[in-house]
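The structure appears right after this line, and notes come after that.
The values are calculated or read from the model by the stated rules, or taken from the named source; none is laboratory data. This structure is a prediction, so every number in the text was calculated from the model and none was measured. Note: ideal-geometry Cβ built from the backbone for every residue, glycine included; neighbour counts use all protein chains shown.
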Amino acid sequence: DNTITCWGHNGYRQANAPAGQFSAISASSHHSCAIGTDKAVTCWGDNLNDRADAPNGRFSAISTARYHSCGLRTDNTITCWGDNLNDRADAPHGQFIALSTSTDHSCGLHVDSTITCWGRPVIPTPQGVQLFVAPGQPHPEACRPSANSEQLTAGFPLPARALPSVGTVRVAVLFVDFPNAMATHPTQLEAHMGLPYIEDYLEASNYDKVDIEFMPLHQWLRAGNNFEEYLVPTAIGGTAIGRRIIAEAARLADLNVDFTDHDAIMVVLPSSRFGDGIARGVAHTNEGTVHSTARINSNPLDQQRAPHRWGLIGAHELAHNFGLLDMYPYEQHLHTPPQTADGGALTRTRVQVGLMGLQVHYPGGLTDWDADEMLAWSRWQLQWLDPSQVHCVTEAESTIALGAVGDPGDNFAMAAIPLSETEVIVIESRRQVGYDASEALSGRTGLGTEGVLVYTVDTSVGTGHLPVKVATDTGDGFIDHNPILRNGQSVTTNGYTITVQSTTETTHTVSITRTAGD
């Protein structure tokens, strides 16, 4: 029930736990601190040198020592309080994902896996020691190809102004309609069409690295003009509601919303009149500029309909705010079906994998299918996969057991083969679990068959220009086989042959053999 019970020595009332609901706790010899479900810190016990005088703000982790305490804020910075002998409470600047305090010093783990310590001098952290790498295994950093883009990217690092991919992300949700496209249903119903799905999807994908908090303003904000006044051309053709609506929504909401602690703004139009979505754009509010925004239901429909589910679209657009790019082609003619001998279109099955639109077609008249579990590569970009879950292959031959990307357990979630400074082969296991299972409610078909997916990433290629392709796809979106490899099947790409050697209930074991440049 998220309450705290303490026992033991109580000379400083350090065992007198406060009432309330909490999500984390840390106890030391003379005082204790806990994080409430509202992210605020409460401390109790001995308050010598203000060690129990917790600062205001929102926190995701807490650590107490005998004389001081430190907390990890939801913006990934560290704040310490209490006795400051040897600067043990003088936290360094930077972005962190974990911390630990001791009597005379503290240490923090940066988002890039480096370590910084402060306080009483300790043995310096050895240069280059960032994380455990098993003997004989290459460092996972070799499988983080760089990208120069300051916008959306398939590589590393993510854009500087992307949403934080660890900690808590707070999203203001503003509902907007138009004089000639008024909503006839309540905002609570519109929110139900997408927000629960987005939160569930992203939190399931990030393995508890990020907490998504939606903050909806439950009223329809009426735009000042008919929707046609806001239409602009899009990158994939056609028109959609442009960024101007973001500024107007923020202005209309400013009297009722304090945007100080918000990381992003999501503008939602009536799903009865609009569909699809677009991300990016900034919003200027009374409290400052919000750099991450998304427009949900941005494209006008030809006919009115009942409120429509948009959770997967919303998750896709919010993923752009995290820095991920589109994997589908903006120029759809690039995926024109090959012709048969008599000039007709080849019968094919369309496949879409992951959240960002990795698409491919293969011969056959089977039902098209969608496997919505986020790609392992996207999770690796977002630091949602730990380095211990990634096998970076640099040897000529290797055998790896892969767990399903949706639930890898203690197995590797991804294998990657670096090809150059910007190119890599990625291998992952897909099972009919999680968002790869069929969903009757959304109408998504789920994974067509269980097995191993192999694809290539080129971080020098931008959004919408096929930076990620299924193995053997030359760029036209067509391959001659099912992209999911089953037991005994193999694919050869970029000088490597990947073969599915064996399958258990929880793993696919693959062999990787270098076939060129030995």
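Looking only at the range 66-89, residues that are among the hydrophobic types (A, V, I, L, M, F, W, C) and in a loop (DSSP other than H, G, I, E, B) come to 1 in all.
Picking from residues in the range 432-441 that are small (G, A, S) and within 19 Å of I313 (Cβ to Cβ), the one that is surrounded by the most Cβ atoms within 10 Å (Cβ to Cβ) is G434.
Give, as residue ranges, the strands (runs of 3 or more DSSP E) completely inside the range 13-56 that count at least 2 residues that are of a type outside the set (G, A, S), in contact (Cβ under 8 Å) with a residue 24 or more places away in the chain and in the same structural domain as N84 (by TED's automatic domain parsing).
Details: elements: 22-27, 31-36, 41-45.
Fully inside the range 13-56 and qualifying: 31-36, 41-45.
Do we have any residue at all in the range 357-374 that's within 13 Å of the chain's Cα centre (by Cα), surrounded by 24 or more Cβ atoms within 10 Å (Cβ to Cβ) and in contact (Cβ under 8 Å) with a residue 12 or more places away in the chain? Within the range 357-374, one or more residues are within 13 Å of the chain's Cα centre (by Cα), surrounded by 24 or more Cβ atoms within 10 Å (Cβ to Cβ) and in contact (Cβ under 8 Å) with a residue 12 or more places away in the chain.
Please pick out the residue among R51, R66, R58, R73 that is of a type outside the set (S, T, N, Q), in contact with a Gly (Cβ under 8 Å, 6 or more places away or on another chain) and surrounded by fewer than 21 Cβ atoms within 10 Å (Cβ to Cβ). Sole residue among the options that is of a type outside the set (S, T, N, Q), in contact with a Gly (Cβ under 8 Å, 6 or more places away or on another chain) and surrounded by fewer than 21 Cβ atoms within 10 Å (Cβ to Cβ): R73. Residue pairs whose Cβ atoms lie under 8 Å apart, sitting 6 or more positions apart in sequence or on different chains, and linking a residue in the range 57-79 that is at positive phi and free of Cβ contacts under 8 Å to residues at least 40 places away in the same chain to a partner that is aliphatic (A, V, I, L, M) and crowded, with 21+ Cβ neighbours inside 10 Å, are G57/V41.
Residues of the range 438-460 that are in contact with a Leu (Cβ under 9 Å, 6 or more places away or on another chain) and at pLDDT below 95: S438, S442, R444, G448.
Kindly establish whether D410 is of a type in the set (D, E), out of contact with any Phe, Trp or Tyr (no Cβ under 9 Å at 6 or more places or on another chain) and either assigned to a strand (DSSP E or B) or within 30 Å of Y197 (Cα to Cα) (or both). Quick ask: steps written out before the conclusion?
Numbers: of a type in the set (D, E): yes; out of contact with any Phe, Trp or Tyr (no Cβ under 9 Å at 6 or more places or on another chain): yes; either assigned to a strand (DSSP E or B) or within 30 Å of Y197 (Cα to Cα) (or both): yes.
So D410 passes the test.
Please tell me if S63 is under 25 Å from H110 (Cα atoms), among the hydroxyl-bearing types (S, T, Y), outside any helix (DSSP H, G or I) and assigned by TED's automatic domain parsing to the domain that holds P92. Against the criterion (under 25 Å from H110 (Cα atoms), among the hydroxyl-bearing types (S, T, Y), outside any helix (DSSP H, G or I) and assigned by TED's automatic domain parsing to the domain that holds P92), S63 qualifies.
What are the residues in the range 385-412 that are within 20 Å of A437 (Cβ to Cβ) and either under 17 Å from the mean Cα position of the chain (by Cα) or hydrophobic (A, V, I, L, M, F, W, C) (or both), if any?
Result: L402, A404, V405, G406, D407, P408.
Exactly one residue out of E331, E317 is closer than 26 Å to H465 by Cβ, modelled with pLDDT under 95, out of contact with any Phe, Trp or Tyr (no Cβ under 7 Å at 6 or more places or on another chain) and not small (G, A, S), and it is E331. In the condition set (1) at pLDDT below 95; (2) under 30 Å from F96 (Cβ atoms); (3) not β-branched (V, I, T), E199 is compliant with all but (1).
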